[in-house]
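Enquirer: My structure is below; once you've seen it, I'll send some questions.
The values are calculated or read from the model by the stated rules, or taken from the named source; none is laboratory data. This structure is a prediction, so every number in the text was calculated from the model and none was measured. Note that each Cβ is placed from the backbone with ideal geometry, even for glycine, and that neighbours are counted across all protein chains shown. Quick note on the areas: whole protein, heavy atoms, side chains included, nothing else; ligands and nucleic acids left out. Shrake-Rupley method; radii C 1.70, N 1.55, O 1.52, S 1.80 Å.
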Amino acid sequence: MQVPQLLVLFGSQTGTAQDEAERLGREARRRRLGCRVQALDSYSVANLIREPLVIFVCATTGQGDPPDNMKNFWRFIFRKSLPSTSLCQMDFAVLGLGDSSYANLPSKFIFQFLQEVPSIGAEELNLASSAPQTPPSELQPFLAPVVTNQRVTGPQHFQDVRLMEFDITESNISFAAGDVVLILPSNSEAHTKQFCQLLCLDPNQFFTLKPREPGVPYPPGLPQHCTVWHLVSQYLDIASVPRRSFFELLACLSPHALEREKLLEFSSARGQEELWEYCNRPRRTILEVLCDFPHTAGAIPPDYLLDLIPRIRPRAFSIASSLLAHPRRLQILVAVVKYQTRLKEPRRGLCSSWLASLTPGQAGPVRVPLWVRPGSLVFPKTPGTPIIMVGPGTGVAPFRAAIQERVAHGQMGNVLFFGCRQRDQDFYWQTEWQELEQRGCLTLVTAFSREQAQKVYVQHRLRELGPLVWELLDGQGAYFYLAGNAKYMPTDVSEALTAIFQEEGRLSTTDAAAYLARLQQTLRFQTETWA
């Protein structure tokens, strides 16, 4: 049997690729393969047409240039006169060796800065529209004017929660109870300025993007002629916590030895515990990391911004109103995210903090890019079908939309279990619920957890009203809905339901669990929870 012949050709400047090629040669011979190892320029390239199996081992030098001992080969292989079928009989593999200190991971786009301000209207700087021809989407959001931005928690309450109302006149937006609105936030003015200063960017400079490879689509949501300010404030998520890949690319771009060494450590397998302590545990942002590595930040080529920093993603909010009750309006309940870590500055939610900062009625309209999509909650269309809703805290938002919609259609079997800390601090829409109670449109059950020594939650109220819950579910075919924080409450409510099935329905533990499973399978038990 003929011994297979392998050829290993290397292009090496400092010896690394040669060492790797010779190692491959030893491995091949150990496996009883005939193998030759040669530098590319010492091999007669015309003989390649007779080689059945070749491995090319190539390193880069300088700023991604071919090594000296393969430059002749490189020129030969790119000759236009070379027939395209010259090497069709050859099986080959390429092993490329790079250097993590090179800034040649090629970027996806090239920034082409414009010397003159393009003659375009201001509206082209934002792809959102104030009067769309089709229903708004992520690629074409609607710029909705903010009508109301009202704090609905008391001054002594630990959390700032806002009721926000948007004008959606002429937006082509329609929605039903259970739908959600997607909102595209912006970075703060202060953070945008800080980022531009740190990276030595002119915020007023216009640019356009050129893909390095054919077929690469233009970044969605960016105008063709864009300012650096628009890119940083409305596109780059500089307030997000960076991933490991961020540190890998940043290390490649760093010209500073000490900073590069630390970045390489963070991006290595052995450095993951330290990276977690530095970045993930305290929720350190991309902007804060760049501030910690100023020499590296100041040397980042603009071409790499879109590779380095992810795009700002839209945030979803349950719609808290019905078009039947509030025509041409869309309302949401926003809990402003703010918490402390070991870092000096408190951590803030990008979207909720941005929304809370908006003040309608000042100079000119304040607009928010948004669009609507179906949510996970679907309410019964059959008249007379009762619904049980469990919505502690801001989880009550989608149920306000459902109640408004059902009341407008004359559907009366609405039971709401609402929980909060104190009735005078975070009892959202108290007056509205009580008026509906007086009209016989709503059965309201409340749980105020901090108003007595023993904490009382919605699951306790469910157990107290077990006979009513069982009669509605088993006797009247009611639908059961749950919305709110995903930490403990969903499990506690499910356990309360299972106990009700056992106590009121006289079901065994196994049968009670099966009953709950059937409700879920038939969409008579639906949840919408978030972390």
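Enquirer: Considering (1) under 30 Å from PHE109 (Cα atoms); (2) out of contact with any Lys or Arg (no Cβ under 8 Å at 6 or more places or on another chain), say which one SER318 fails and leave the rest.
Expert: Checking SER318 against (1) under 30 Å from PHE109 (Cα atoms); (2) out of contact with any Lys or Arg (no Cβ under 8 Å at 6 or more places or on another chain), the one that fails is (1).
Enquirer: Which one of these is farther than 16 Å from ALA176 by Cβ, open to solvent by less than 20 Å² (accessible area, probe 1.4 Å) and aliphatic (A, V, I, L, M): LEU416, LEU377?
Expert: LEU416
Enquirer: Another one. Got a number for residues in segment 352-372 being in contact (Cβ under 8 Å) with a residue 40 or more places away in the chain and exposed (fewer than 14 other Cβ atoms within 10 Å of the Cβ)?
Expert: Going through segment 352-372 one residue at a time, the tally reaches 2.
Enquirer: Can you tell me which residue among GLY466, GLY484 is surrounded by 13 or more Cβ atoms within 10 Å (Cβ to Cβ), without any contact (Cβ under 8 Å) to a residue 60 or more places away in the chain and either under 21 Å from GLY395 (Cβ atoms) or not hydroxyl-bearing (Ser, Thr, Tyr) (or both)?
Expert: Residue meeting the stated conditions: GLY466.
Enquirer: Here is a follow-up. Of everything in segment 433-453, what is in a helix (DSSP H, G or I) and surrounded by fewer than 18 Cβ atoms within 10 Å (Cβ to Cβ)? Give them in sequence order.
Expert: Across segment 433-453, the qualifying residues are GLN434, GLU435, GLU437, GLN438.
Enquirer: Something else: Hey, any hits in segment 508-521 for a residue that's in a loop (DSSP other than H, G, I, E, B), in contact with a Leu (Cβ under 9 Å, 6 or more places away or on another chain) and open to solvent by 20 Å² or more (accessible area, probe 1.4 Å)?
Expert: Checked against the condition, which is being in a loop (DSSP other than H, G, I, E, B), in contact with a Leu (Cβ under 9 Å, 6 or more places away or on another chain) and open to solvent by 20 Å² or more (accessible area, probe 1.4 Å), segment 508-521 yields no hits at all.
Enquirer: Next question. Of a type outside the set (Gly, Ala, Ser), out of contact with any strand residue (DSSP E or B) (no Cβ under 9 Å at 6 or more places or on another chain) and under 27 Å from GLN112 (Cα atoms), is that true of LEU290?
Expert: In short, yes.
Enquirer: Taking the residues in segment 14-37 that are open to solvent by 80 Å² or more (accessible area, probe 1.4 Å) and touching a strand residue (DSSP E or B) at 6+ places or on another chain (Cβ under 8 Å) as candidates, determine which candidate is nearest to PRO67 (Cα to Cα).
Expert: Out of the qualifying residues, it is THR14.
Enquirer: I would also like to ask the following. Quick check on my filter: what residues within segment 262-319 are touching a residue at least 12 places away in the same chain (Cβ under 8 Å), of a type outside the set (D, E, K, R), over 30 Å from VAL181 (Cβ atoms) and not in a helix (DSSP H, G or I)?
Expert: PRO282, PHE293, GLY298, ALA299, ILE300, PRO301
Enquirer: Answer yes if at least one residue in segment 92-111 is more than 30 Å from LEU249 (Cα to Cα) and open to solvent by 50 Å² or more (accessible area, probe 1.4 Å), and no otherwise.
Expert: Checking segment 92-111: not a single residue is more than 30 Å from LEU249 (Cα to Cα) and open to solvent by 50 Å² or more (accessible area, probe 1.4 Å).
Enquirer: A follow-up question, please. Please pick out the residue among LEU40, LEU48 that is in contact with a Leu (Cβ under 8 Å, 6 or more places away or on another chain), hydrophobic (A, V, I, L, M, F, W, C), more than 29 Å from CYS252 (Cα to Cα) and open to solvent by less than 20 Å² (accessible area, probe 1.4 Å).
Expert: Within the list LEU40, LEU48, the selection yields LEU48.
Enquirer: Of the residues SER129, SER137, only one is touching a Leu at 6+ places or on another chain (Cβ under 7 Å), open to solvent by 20 Å² or more (accessible area, probe 1.4 Å), modelled with pLDDT under 95 and closer than 14 Å to PRO369 by Cβ; which?
Expert: Exactly one residue qualifies, and that residue is SER129.
Enquirer: Against the definition (open to solvent by 30 Å² or more (accessible area, probe 1.4 Å), more than 20 Å from TYR479 (Cα to Cα) and more than 31 Å from the chain's Cα centre (by Cα)), how does GLN425 come out, yes or no?
Expert: no
Enquirer: Are any residues in segment 223-241 open to solvent by less than 10 Å² (accessible area, probe 1.4 Å) and either charged (D, E, K, R) or in a loop (DSSP other than H, G, I, E, B) (or both), and if so, which ones?
Expert: The answer is PRO223, ILE238.
Enquirer: Could you list all residues from segment 454-471 that are under 39 Å from the mean Cα position of the chain (by Cα) and part of a helix (DSSP H, G or I)?
Expert: The answer is VAL458, GLN459, HIS460, ARG461, LEU462, ARG463, VAL469.
Enquirer: Now, a different point. Within segment 1-13, how many residues are under 44 Å from the mean Cα position of the chain (by Cα) and open to solvent by 70 Å² or more (accessible area, probe 1.4 Å)?
Expert: Adding up the residues that qualify gives 1.
Enquirer: Scanning segment 335-389 for residues that are charged (D, E, K, R) and either part of a loop (DSSP other than H, G, I, E, B) or touching a helix residue (DSSP H, G or I) at 6+ places or on another chain (Cβ under 6 Å) (or both), which turns out nearest to CYS279 (Cα to Cα)?
Expert: The selected residue is ARG342.
Enquirer: Restricting segment 207-221 to residues that are touching a Phe, Trp or Tyr at 6+ places or on another chain (Cβ under 8 Å) and under 22 Å from PRO369 (Cα atoms), which is modelled with the lowest pLDDT?
Expert: Of everything passing the filter in segment 207-221, GLY221 is modelled with the lowest pLDDT.
Enquirer: Conditions first: (1) of a type outside the set (Val, Ile, Thr); (2) farther than 21 Å from ALA316 by Cα; (3) open to solvent by less than 20 Å² (accessible area, probe 1.4 Å); (4) in contact with a Leu (Cβ under 6 Å, 6 or more places away or on another chain). ARG406 passes all but one, so which condition is the exception?
Expert: (4)
Enquirer: Still on this model: Do you know which of the residues in segment 324-345 that are of a type outside the set (Asp, Glu) and exposed (fewer than 12 other Cβ atoms within 10 Å of the Cβ) is modelled with the highest pLDDT?
Expert: PRO327
Enquirer: Shifting gears a bit: Would you check which residues across segment 161-212 are in contact (Cβ under 8 Å) with a residue 40 or more places away in the chain, farther than 30 Å from ALA320 by Cβ and part of a loop (DSSP other than H, G, I, E, B) and list them?
Expert: LEU199, CYS200, LEU201, GLN205, ARG212
Enquirer: Same structure again: Taking ILE312, is it closer than 26 Å to GLY395 by Cβ, open to solvent by less than 50 Å² (accessible area, probe 1.4 Å) and within 20 Å of the chain's Cα centre (by Cα)?
Expert: yes
Enquirer: Can you name the residue in segment 487-531 that is without any contact (Cβ under 8 Å) to a residue 24 or more places away in the chain and within 16 Å of GLY419 (Cβ to Cβ) and is also nearest to the chain's Cα centre (by Cα) among such residues?
Expert: Only one residue fits best here, namely TYR488.
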